[in-house]
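Chemist: Quick one: the structure is below, and I'll ask about it shortly.
The values are calculated or read from the model by the stated rules, or taken from the named source; none is laboratory data. These numbers were taken from a predicted model, which means no experiment stands behind them. Here the Cβ is made from the backbone with ideal geometry for all residues, glycine too, and neighbour counts use every protein chain on show.
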Amino acid sequence: MIIESKAPTRVDLAGGTLDIWPLYLFHPGAVTINAAISRYASCTIETNGSKHIRLVSRDIKTRRIVSLLRRACKSQALPPSATRRNRKFFQPEGGFTLTTDSEAPAGAGIGGSSAMAVAICAALDRFNRSREEQGRLDSHQPRRRSDRHQRSNGHAGPLSSGLRGAAAIELPPGGEHRVELRVNLNELERRIVVCYTGKPRQHGINNWEVFKAHINGKRAVQHSIERISDVAQKLRVALEVANWQEAGRLMREEWSFRKRNLPTISTKKIDRVIDGALRNGALAGKVCGAGGGGCVVLLIEPEARHRVESAILEAGAQLLPITIDRHGVEVISR
């Protein structure tokens, strides 16, 4: 049995940091605006007939072999609470190889780790369901076992299309909600450029410093986060009515307030990339994620793409060709 899954990463256009609990509770109406892009995290599960699980990560070039879950439980490789929670979800009967890969650069700030978690969960979910279906066939239709061959595109429960297109992540008390934006994805695709600065972002440090300053009552940070929240709500409207000039103005405003939160959110290279792009036809640019490195997303005039991309390369950054993902999580089993 072979199962393959992939999940798109995403760029946040406005409202990042607000999704850190409990910051959004201080800002009613908080929302994060993002778009799924064609840089994927992928997972492949292949049964191997052994008594072990082989874990392979292609992008970071690591391998590990572990015992099956039942043996891991007995050897206390996993805490009892974890095994009790996960025993029903995942309890393999035989060995397999789980291989992961990512098209997102390390520390890119485009949700690579989250996409990887979704891809792995989608593959494991399909693995469980395929094994259960195989068990039913073995019990009731033994003659058809050798003829069984399945290929199916689709979903793992609610994971299927929930990550596609452009969306607003609403952050009310009690839990977030994802709402797809009514935006022309073809036009948005023509107007988005993503590049990698060559340096991983500092998400742990930057997010912690901003979080701590906000919770400790630093007025300047609280004001900046409030303005970011307001801008994100307005950007949602601008995108849905295709007011690209206003969308660009709002993204520039979001970036100006974001930089005020912490000196390390921007870097000299990030500034060079964005400033050079703005001089060559970009409407706006901002760092993805927590900043300090990683990726930059730019909103451009379509006819300025060549000039903007040349400016990015001149600033020493790496272009990441992307499209807007229309499918969300995909799973194939065979």
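Chemist: Could you list all residues from region 200-241 that are outside any helix (DSSP H, G or I) and either among the charged types (D, E, K, R) or under 22 Å from the mean Cα position of the chain (by Cα) (or both)?
Modeler: Residues satisfying the conditions are P200, R201, Q202, K218.
Chemist: Now for a different question. Can A156 be described as at pLDDT 85 or above and not charged (D, E, K, R)?
Modeler: When the stated conditions are applied, A156 does not pass them.
Chemist: Now, a different point. Quick one: would you say E240 is modelled with pLDDT of 95 or more, farther than 16 Å from N34 by Cβ and not polar (S, T, N, Q)?
Modeler: Against the criterion (modelled with pLDDT of 95 or more, farther than 16 Å from N34 by Cβ and not polar (S, T, N, Q)), E240 does not qualify.
Chemist: Name, by its number, the condition in (1) modelled with pLDDT of 95 or more; (2) more than 23 Å from E189 (Cα to Cα) that does not hold for E246.
Modeler: Here E246 meets the rest and fails (2).
Chemist: Filter region 165-186 for residues that are touching a residue at least 60 places away in the same chain (Cβ under 8 Å), more than 16 Å from R326 (Cβ to Cβ), in a loop (DSSP other than H, G, I, E, B) and within 20 Å of the chain's Cα centre (by Cα) and give the result.
Modeler: Listed by number, the residues that qualify are L171, E176.
Chemist: When region 290-316 is examined, which residues are found to be among the small types (G, A, S), surrounded by fewer than 24 Cβ atoms within 10 Å (Cβ to Cβ), assigned to a loop (DSSP other than H, G, I, E, B) and in contact with a strand residue (DSSP E or B) (Cβ under 8 Å, 6 or more places away or on another chain)?
Modeler: none
Chemist: I'd like the full set of residues that are surrounded by 19 or more Cβ atoms within 10 Å (Cβ to Cβ) and among the small types (G, A, S), limited to region 216-264.
Modeler: Listed by number, the residues that qualify are S224, S229, A232, A238, A247, G248.
Chemist: Take region 11-42 and flag every residue that is outside any loop (DSSP other than H, G, I, E, B) and surrounded by fewer than 24 Cβ atoms within 10 Å (Cβ to Cβ).
Modeler: L23, L25, F26, S38, Y40, S42
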